[in-house]
Each structure stands twice: as structure tokens, then as C-alpha cells.
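The values are calculated or read from the model by the stated rules, or taken from the named source; none is laboratory data. Model, not experiment: these values are computed from the prediction. Every residue, glycine among them, receives a Cβ derived from its backbone with ideal geometry; neighbour counts consider all protein chains shown. Keep in mind that these areas ignore ligands, DNA and RNA; they rest on the heavy atoms of the full protein, side chains included. Shrake-Rupley method; radii C 1.70, N 1.55, O 1.52, S 1.80 Å.
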Amino acid sequence: MTTAHQVPDILSSEFAENPYPAYSMMRESAPLIWHEATKSYIISRYEDVERAFKDKESEFTTDNYDWQIEPVHGKTILQLSGREHAVRRALVAPAFRGSDLRDKFLPVIDRNSRELIDAFRHTGSADLVTDYATRFPVNVIADMLGLDKADHARFHGWYTAVIAFLGNLSGDAEVAAAGERTRVEFAEYMLPIIQNRRDNLGDDLLSSLCAAEVDGVRMSDEDIKAFCSLLLAAGGETTDKAIASVFANLLLHPDQLAAVQQDRALIDRAFSETLRFTPPVHMIMRQTAKDVEVSGGTIPAGATVTCLIGAANRDGSRYHEPDRFNIFRDDLTTTTAFSAAADHLAFALGRHFCVGALLAKAEVETGVNQLLDAMPDIRLADGFDPVEQGVFTRGPQTLPVRFTPVKG
């Protein structure tokens with residue numbers, strides 16, 4: 001087994017600046033690495049990461065979330081397995097698909113996007129990250145839950161602290177403390193709202209969660225609070241970075257941007273390819289239930305496994321010209337890209353496939369459409385080159401653009 005010192009360390013500044021060369025080295029010559037600092041085994045090849053995500057708990061589990069996620073969210077659906085997981089997922093899933101998503105929440109998505117764009121559509125310039133992407137998904141989730149959007153700054157602060165905690169690979173004590181503090185603050189904010197909503201049900205998602213029942217099982221206040229915390233963090237940070245990355249990739253490939261402007265049906269392709277090429281989440285952890293043979297060796301039972309989505313999604317054995325952004329590629333299936341049958345790994349796969357994937361798709365479709373309408377000649381600000389930042393989650397921190405305001 002190759003050791004970590006032969007490739008750039010995932011905690012190094014070199015890796016943070018550009019992880020893709022390191023990913024390539026790992027896939028080719030070090031597909032299994034023991035990483036001492038994080039006490040985890042790193043896997044990077046598509047076939048291995050796919051297997052870790054798809055496995056039905058016999059080899060790979062989510063037991064690692066007990067220490068990785070529970071300190072900031074409380075016990076979430078991600079940690080459950082078997083029937084307990086199936087029932088909890090059945091309680092929350094209806095809001096994120098079908099008629100509920102279409103009838104209740106598409107108008108919420110549409111309205112929140114327009115409100116943000118209205119603030120800059122007449123100015124000729126915007127920062128698509130700070131003016132739009134970091135606000136849009138959080139506002140949508142707050143609206144869906146029936147929370148006060150005036151608390152946006154608090155929501156954003158909480159999910160930023162949570163994501164920092166989850167990506168705290170170096171074990172920074174202050175980051176850990178801030179994440180755990182967020183759990184307390186969010187509970188103090190959220191539990192009274194949940195209790196009040198139980199007595200005053202409305203047409204929002206929080207009311208649906210309070211009222212939902214499957215096989216005689218209902219969600220406790222703590223269950224709902226943990227799910228809302230998870231939704232804000234997972235639905236905020238990832239969609240935020242996805243929208244920014246879709247535009248960064250298109251702006252750097254003007255021919256593909258022009259194609260999307262001409263045919264908006266290509267937005268799904270642009271989003272799918274962005275999820276493959278520059279995924280918002282670059283690594284997810286699992287835990288082995290027994291000794292598991294993977295490329296490069298054996299992972300012992302009970303070990304933490306760091307699954308490198310960013311590396312697997314650029315595996316040349318799975319994708320043709322994997323380091324090229326190409327919305328027209330024929331080895332990525334757009335029709336399944338937002339389902340558990342996806343052939344990219346950005347939403348994970350199998351039973352723990354991201355429950356909010358269709359919500360993210362709806363947000364990106366709406367957002368990209370409205371932004372392109374408002375900015376038909378969108379271009380990067382002079383001299384600006386989009387740069388990704390982050391290790392656990394990754395995307396542009398700023399994306400200044402210029403455009404000619406649309407009259408009328």
C-alpha cells in the first residue's frame with residue numbers, strides 16, 4: 001500500500017490550492033492511502049468510491065456520522081439504517097419530489113430568485129457568489145420551513161460553522177467548539193418554533209414534518225430539529241457552491257455558455273457536468289463493517305474511509321477526457337443525474353443518496369434561467385479568473401460579472 005508522503009497531503013496548502021493533480025497521482029499509483037492525521041483510509045478510484053456509497057451496510061456503513069455529524073446536528077437520518085432509516089426517509093422525502101415540490105415549493109424558489117436578482121439587475125454588475133449564490137438556497141429553505149428570512153445572517157453563520165466543523169480535517173479546536181456551539185444555538189432557536197408549529201399547522205415544510213406519520217411513527221421535536229439543521233447546512237452550502245461553479249465553468253467555456261443561452265434545456269447538462277467536474281463536496285466519509293478489499297489493498301473492519309468524490313469523478317477509466325468540462329459528453333447520463341441511479345458521485349448513491357437532489361435541480365434550473373434572462377451578455381469582470389477554494393467543500397469564493405442591463 002502506498003503511503004501518504006508520496007502524494008501531496010490532503011491537509012497541505014498545495015492540495016488546497018489545486019487538488020486535481022494529487023487526485024490523479026492517487027488514482028494511478030496510490031488508490032489506497034493510510035492518512036495518519038485524519039486516522040482514515042483514503043480511496044480515490046471511481047469503482048471503489050461507488051462501491052462505498054452503494055453498499056447496503058454489509059461492508060460500508062455511516063457509523064462514522066456518530067462522531068462526525070451528531071455533535072453539530074444531533075442524531076440525523078444519515079446515521080440510521082435498515083427499517084429505522086426507511087421510515088424516517090419516508091417521512092421527509094415527499095416534500096422533496098413530485099407534487100409537493102412542484103406545487104408548494106417551485107413558486108418559493110422562483111420568488112426568492114427574482115427578489116435577489118431584482119437588487120442588481122439594473123446595475124450592470126454583480127458578484128454571483130455574494131449577491132446571489134450564498135443567499136438563494138438558504139432563503140429558499142427558510143421560506144420552505146416557514147422561518148423568518150430576517151434571520152438569514154444567523155442561518156448563514158450556523159451553516160458556515162457546521163460545514164467548517166465537518167471539514168475540520170486538521171482537528172482545529174476552535175472550529176470544533178464553534179460547530180458544537182452551533183448545535184446549542186440552533187436548538188434554542190428551533191425547538192420553540194417546532195413546538196408552536198405543532199399547535200398551529202400551516203402549509204409549510206415544518207408543518208408537514210410535524211404532521212407526518214408512517215406506520216404509526218412520527219418525528220420527535222429533536223428529529224425535526226436535527227433534520228432542519230442538516231437541511232440548512234447540506235442544502236445551503238452545496239447548492240450555493242453548485243450555482244457558482246455552473247457559472248464559473250460556463251464563463252470559462254464561452255462556446256458552451258452560448259449553447260446554454262440558446263437552448264435552456266441544456267441547463268441540466270451544465271449542472272450534471274459541473275457536479276462531475278467540480279463537485280461542491282469533494283469528500284465524504286464511511287466506516288467499514290468488516291475487512292474490505294479495494295484497489296491497492298485491504299481496509300480493516302471499523303476503519304474510517306475518506307471517499308474522494310473529486311478524484312472519483314475524474315477517473316479516466318470511467319469518463320473520456322475527464323479533466324475537460326464538456327456539457328455534451330456522452331458518458332454522463334443527464335436523465336438519471338439527479339437520482340440514486342446517477343453515474344456521477346456528487347450526491348453519493350444508494351440508500352443515502354441526497355434527499356434534496358431534486359430540490360437542488362429545481363433551484364439551479366430556476367436560478368440559471370433567471371440569471372441568463374437578466375444578463376444576456378454576462379461576462380467575467382475584466383481580468384478576473386475564477387478560483388476554487390476549499391478542501392471538504394469547494395467552489396469559487398467570489399465571481400464578479402458584468403452585463404448590459406435588460407431594458408423594461
statement: Within the stretch 239-267, restricting to residues that are over 18 Å from Ala360 (Cα atoms) and among the polar types (S, T, N, Q), the one that is least open to solvent (accessible area, probe 1.4 Å) is Gln256
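Taking the stretch 379-397, which residues are open to solvent by 50 Å² or more (accessible area, probe 1.4 Å), part of a loop (DSSP other than H, G, I, E, B) and within 15 Å of Val129 (Cβ to Cβ)? Spell out how you get there, then give the answer.
First, the residues of the stretch 379-397 that are open to solvent by 50 Å² or more (accessible area, probe 1.4 Å): 379, 382-385, 387, 389, 397.
This time we only want the ones that are part of a loop (DSSP other than H, G, I, E, B), so: 382-385, 387, 397.
The answer is Phe384, Asp385, Val387, Gln397.
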- request: Take the stretch 364-408 and flag every residue that is over 17 Å from the mean Cα position of the chain (by Cα) and among the aromatic types (Phe, Trp, Tyr).
  value: Phe384, Phe403
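Where residues in the stretch 345-389 are at pLDDT 90 or above and of a type in the set (Gly, Ala, Ser), which of them is farthest from Ala265 (Cα to Cα)?
Keep residues of the stretch 345-389 that are at pLDDT 90 or above, which gives 363-389.
Filter once more, so that each one left must be of a type in the set (Gly, Ala, Ser): 367, 374, 381, 383.
Numbers: Gly367: 13, Ala374: 18, Ala381: 27, Gly383: 30 Å.
The extreme case among them is Gly383.
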- request: Give just the number: which of (1) out of contact with any Lys or Arg (no Cβ under 9 Å at 6 or more places or on another chain); (2) surrounded by fewer than 23 Cβ atoms within 10 Å (Cβ to Cβ); (3) closer than 22 Å to Ala161 by Cβ does Gly236 not satisfy?
  value: (2)
- request: Can you work out which of the residues in the stretch 213-232 that are assigned to a helix (DSSP H, G or I) and without any contact (Cβ under 8 Å) to a residue 40 or more places away in the chain is farthest from the chain's Cα centre (by Cα)?
  value: Asp221
- line: Per the list (1) touching a Pro at 6+ places or on another chain (Cβ under 7 Å); (2) open to solvent by 10 Å² or more (accessible area, probe 1.4 Å), residue check on Glu363 breaks on (2)
- request: Identify the residue in the stretch 47-75 that is aromatic (Phe, Trp, Tyr) and crowded, with 18+ Cβ neighbours inside 10 Å and, among all such residues, is modelled with the highest pLDDT.
  value: Phe60
task: Could you please let me know if Arg89 is at pLDDT 80 or above, basic (Lys, Arg) and either surrounded by 14 or more Cβ atoms within 10 Å (Cβ to Cβ) or more than 30 Å from Arg402 (Cβ to Cβ) (or both)?
output: no
task: Evaluate the following for Gly316: is it small (Gly, Ala, Ser) and on the phi > 0 side of the Ramachandran plot?
output: no
query: Would you say Phe247 is touching a residue at least 40 places away in the same chain (Cβ under 8 Å), out of contact with any strand residue (DSSP E or B) (no Cβ under 8 Å at 6 or more places or on another chain) and not β-branched (Val, Ile, Thr)?
result: no
- prompt: Of all residues in the stretch 390-408, which are of a type in the set (Ser, Thr, Tyr) and either touching a helix residue (DSSP H, G or I) at 6+ places or on another chain (Cβ under 7 Å) or at pLDDT below 95 (or both)?
  reply: Thr393, Thr398
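Taking the stated definitions as given, is Asp199 surrounded by fewer than 21 Cβ atoms within 10 Å (Cβ to Cβ) and modelled with pLDDT under 90?
On the way: surrounded by fewer than 21 Cβ atoms within 10 Å (Cβ to Cβ): yes; modelled with pLDDT under 90: no.
In short, no.
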message: Which of the numbered conditions does Leu251 fail, given that it passes all the others? Conditions: (1) modelled with pLDDT of 85 or more; (2) touching a Ser or Thr at 6+ places or on another chain (Cβ under 9 Å).
response: (2)
query: Out of the residues in the stretch 1-44 that are more than 14 Å from Met283 (Cα to Cα), open to solvent by 10 Å² or more (accessible area, probe 1.4 Å) and of a type in the set (Gly, Ala, Ser), which is modelled with the highest pLDDT?
result: Ser24
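What residue, among those in the stretch 285-314 that are of a type in the set (D, E, K, R) and within 23 Å of the chain's Cα centre (by Cα), is farthest from Asn64 (Cα to Cα)? Full working, then the answer.
Looking only at the stretch 285-314, we keep the residues that are of a type in the set (D, E, K, R), and these are 286, 290-291, 293, 314.
Now restrict to residues that are within 23 Å of the chain's Cα centre (by Cα): 286, 314.
On the way: Arg286: 6, Arg314: 26 Å.
Selected residue: Arg314.
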task: Scan the stretch 285-297 and give yes if some residue there is under 25 Å from Ile117 (Cβ atoms) and either free of Cβ contacts under 8 Å to residues at least 60 places away in the same chain or open to solvent by 10 Å² or more (accessible area, probe 1.4 Å) (or both), otherwise no.
output: no
